Amino acid sequence: MNQFLQVALGGALGASARLGVNVLAGRLVPGLPLGTLIVNLLGCLAMGLLAAVLALRGGQPIAPFAMTGVLGGFTTFSAFALDAVTLWSRGAGALATGYVAVSVAGSILAVAAGLALGRMVLA
């Protein structure tokens, strides 16, 4: 199957699962972004487990569907975390630390900039 189709199908499943978790968590604990926290933690656990299984069992053919598709649709935080751990495990601790710092701070600044730009344009 074409890799783009694998990713698209997996992404639809992952995004639907994320919506389900967010809706349920929002009903159980209104006002707290518990769904996002659950999705990020579960996605990271699944990414680590899946990366190990696929690497040790030769499962690379299903990686586009499972990792980029399902887990990417569920949470991109898992891909970020895997990248950081991979850098660290390769002995690039300073690079991993910088990657995490720039990713987190840059993402927060980018959201703030996007909000400001959107408000400026639409005001």
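Six or more apart or on different chains, Cβ under 6 Å: which pairs go from a residue in the stretch 24-50 that's polar (S, T, N, Q) to one that's open to solvent by less than 50 Å² (accessible area, probe 1.4 Å)? Could you list them?
If the second residue must be open to solvent by less than 50 Å² (accessible area, probe 1.4 Å), the pairs left are Asn40/Thr75.
What's the total number of residues in the stretch 63-113 that are more than 11 Å from Met47 (Cβ to Cβ) and touching a residue at least 40 places away in the same chain (Cβ under 8 Å)?
4
Just one of Gly73, Gly58 is out of contact with any His (no Cβ under 7 Å at 6 or more places or on another chain) and closer than 25 Å to Ser107 by Cα; which is it? Outline the logic, then answer.
On the way: Gly58 fails: closer than 25 Å to Ser107 by Cα.
Answer to the selection: Gly73.
The values are calculated or read from the model by the stated rules, or taken from the named source; none is laboratory data. Computed from a predicted structure; not experimentally measured. All Cβ positions, glycine included, derive from the backbone under ideal geometry; neighbour counts span all protein chains shown. Note: areas computed on protein heavy atoms with side chains; ligands, DNA, RNA excluded. Shrake-Rupley method; radii C 1.70, N 1.55, O 1.52, S 1.80 Å.
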